[in-house]
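Just below is one structure, and these are the notes that go with it.
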Amino acid sequence: MPVRATKRGDERTPLEGRHDVLVCGASFAGLAVARELSGSGASVLVVDRYEIGERQTSACGIPTQWMRELSLMEAECQRFDSLLIHSPHGERRYRLPWTFSTFDYRRLCELLWADCDAGFETAKVNGRAPGTPGDGLIHVDTDRGVLSSPLVVDALGWRRNLASGDGYQPPDAPLSRGLEVHPAGAGEDLEIWIDRRYVPAGYGWSFPAGDEVRIGIGSFDPRFHIRDTTVLLSEDLGKEPNEYQGNWIPHKLRGATEGGVFFAGDSAGHCLPLSAEGIRTALYFGIALGRQLRAVVEGRQTRDQAAAAYAGFNDSHEWKFRWMLRVQKLIPRIPPRILAPLLRLMGTSRFVRWSFDHYLQIAPPGFARRSVGDSDDSDDPRRDSERPLRIEPGLVRAK
Ligand SMILES: Cc1cc2nc3c(=O)[nH]c(=O)nc-3n(C[C@H](O)[C@H](O)[C@H](O)COP(=O)(O)OP(=O)(O)OC[C@H]3O[C@@H](n4cnc5c(N)ncnc54)[C@H](O)[C@@H]3O)c2cc1C
């Protein structure tokens, strides 16, 4: 188990002060925000209870193109051009129209961080601290003191620590659960199991990553206990389960702003329902938010305008998340005898290309393309869906 790196004893110096931007959470979403602010001249502080890259939060699988666009290929472990789906009635290989990669979490975070010019401190965020009305600042209580900023980002994951507290608690909240193990070994295939022996509503996976295999179970039903079947799948694959790592996974989009705080990644429910793919979307929404905040620190818009634009961007994706959630709810209702012919039908190359291309477009890799520090995209020749988020008052929906 990783040890929390929050400074202890003599090293635990008080941490207080004011910054132009305070980013809470130094994983995918938080680092994406900080990276977009690089070169803006703003004083940006990133805080996390662990050191950057210290604690892996997922199986670390992502469309390769996203890694390429962000110059993160050095962190790639393995690449796959097909997906092998197992059901109780057989298996089916889907040739993917784009490749998927597993990566080394620590290395990827280090690479993202190398592009940032923010400060970093280990601190546990406890929540909001009371402030002086009208000073325009948001105060954040940490285990090392109170930090203040007019622009605060909560990229702390599903707990959404800096929100007012909306009673979002498992197992009643719309959260899936995921657990995985990382036994040593090698594998050729990216594999998924849709099999009620492992999980009644959800799937099992095996993601090879160089010299280890990430084997896990994701359950859409938060009440289903996945530890036993994670062990079962691992043993069925001839691997000794070890290094357990799990978390709740949001499967519903939430408000992108609340009480002056901006939310990105799992804290905003940005993980996609059905696939539980939340890395690419944490990066995508983190980049969108970083661009909005950059426009504020550069004096091109106010905090309220940034909040309205970011909330509008978030909400414009709601119908896609809603559709994926519908399919997530439908799949457990499909009788097992229909599942095999259905998977066969869906395995036609035309359907695979159509569905996977649409799926990729929910958070297209081209969105990341603009280089760090580049603030003008007016001559950008890309397709609209791939262009960075722009601030056009006519398109901004006030919250
Ligand atoms: C078992 C499992 C496997 C998964 N596999 C994949 C996958 O292969 N591909 C994929 O796309 N998605 C996967 N996901 C989903 C993915 O992990 C999340 O959607 C993604 O990590 C969200 O990124 P984030 O930056 O919003 O939050 P996180 O990655 O959860 O980061 C939150 C950060 O905040 C810090 N933090 C939390 N609380 C505090 C606090 N109080 N004070 C200070 N710091 C704090 C944490 O240390 C962490 O660094 C998986 C999830 C699980 C559970």
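Given a Förster distance of 25 angstrom, what is the FRET efficiency for residue 333 paired with residue 89, based on the Cβ-Cβ distance and rounded to 0.05? Using R0 = 25 Å, I get an efficiency of 0.90. Protection proxy ranking, highest mean first, for peptides 304-313, 126-135: 304-313, 126-135, where packing is the per-residue count of other beta-carbon atoms within 10 Å, averaged. The simple spin-label model puts a point 7 Å past each Cα toward its Cβ; for residue 124 and residue 110 those points are separated by 2.8 nm. With R₀ fixed at 41 Å, the C-beta to C-beta distance from residue 117 to residue 275 puts the FRET efficiency at about 0.75. The fraction of accessible area contributed by carbon and sulfur in segment 228-358 is 58 percent, rounded to a whole number (1.4 Å probe; ligands and nucleic acids excluded). Largest mean-square fluctuation among 122, 64, 348, in a Gaussian network model of the chain whose springs join Cα atoms under 10 Å apart, belongs to 348. Approximating the spin labels as points 7 Å out from Cα along Cα→Cβ, the residue 16-to-residue 236 distance works out to 5.7 nm.
Relative to the compact-globule estimate of 2.2 N^0.38 Å, the Cα radius of gyration of segment 198-325 comes out at 1.32. Once the 1.4 Å probe is applied to the protein heavy atoms, segment 175-302 comes out at 33 Å² accessible per residue.
Across the options 198, 232, 97, the greatest Cα extent toward the positive end of the charge dipole of segment 93-250 (unit charges at beta carbon of Lys, Arg, Asp, Glu) belongs to 198. Our coupling estimate for segment 70-81, obtained by passing each phi through the Karplus curve with A = 6.51, B = -1.76, C = 1.60 and θ = phi - 60°, is 9, 6, 10, 4, 4, 8, 5, 9, 8, 10, 10, 10 Hz, Gly and Pro reported as x. Please check which bits of segment 97-141 a label hung off residue 68 would reach, taking the label as a point 7 Å along Cα-to-C-beta and the cut-off as backbone N under 11 Å. It comes to 98-100, nothing else. For segment 109-155, taking the reciprocal of the average inverse distance between every pair of different Cα atoms yields a Kirkwood hydrodynamic radius of 12.3 Å.
Averaging 1/r across all pairs of distinct Cα atoms in the chain and inverting the result yields a Kirkwood radius of 21.8 Å. Using the average count of surrounding beta-carbon atoms within 10 Å as a protection proxy, the listed peptides 33-45, 104-116 rank, highest first, as 33-45, 104-116. For residue 247 and residue 132 in the same chain, what is the full-extension length gain: residue separation times 0.36 nm, less their Cα-Cα distance, in nm? Gain in length upon complete extension: 37.8 nm. Averaging Cα coordinates gives a centre for segment 67-143 and one for segment 281-360; these two points are 16 Å apart. Where both partners of a DSSP beta bridge lie in the chain, what percent of those bridges are antiparallel, to the nearest 5? Rounded to the nearest five, the antiparallel share is 70 percent. Taking the average, over residues, of other Cβ atoms within 10 Å as the packing measure, peptides 84-95, 168-179, 330-341, 213-224 rank 213-224, 168-179, 84-95, 330-341 from highest down.
Structural descriptor for segment 43-147: relative contact order 33 percent, calculated from alpha carbon pairs under 8 angstrom and at least 6 residues apart.
Think of the chain as having a plus end and a minus end, set by charges on the Cβ of Lys, Arg, Asp and Glu; of 256, 32, 87, 87 sits farthest toward the positive end of this dipole.
Carbon-plus-sulfur accessible fraction, segment 125-172 (probe radius 1.4 Å, protein heavy atoms only): 48%. Every helix of 4 or more DSSP H residues in the chain counts as -39500 (n - 2.57), and over all residues that averages to -8000 deg cm²/dmol at 222 nm.
Per the Debye calculation on segment 76-126 with a single equal scatterer at every Cα and no solvent contribution, log₁₀ I(q)/I(0) for q = 0.26, 0.27 Å⁻¹ amounts to -1.03, -1.04. A simple spin-label model places the labels of residue 353 and residue 189 2.4 nm from each other, with each point 7 Å out along Cα-to-Cβ. Using C-alpha pairs below 8 Å separated by at least 6 residues, the relative contact order for segment 138-230 is 25 percent.
The values are calculated or read from the model by the stated rules, or taken from the named source; none is laboratory data. Treat the numbers as computed from the prediction; the structure is a model and nothing was measured. Ideal geometry is used to build each Cβ from the backbone, glycine not excepted, and the neighbour counts take in all protein chains shown. Quick note on the areas: whole protein, heavy atoms, side chains included, nothing else; ligands and nucleic acids left out. Shrake-Rupley method; radii C 1.70, N 1.55, O 1.52, S 1.80 Å.
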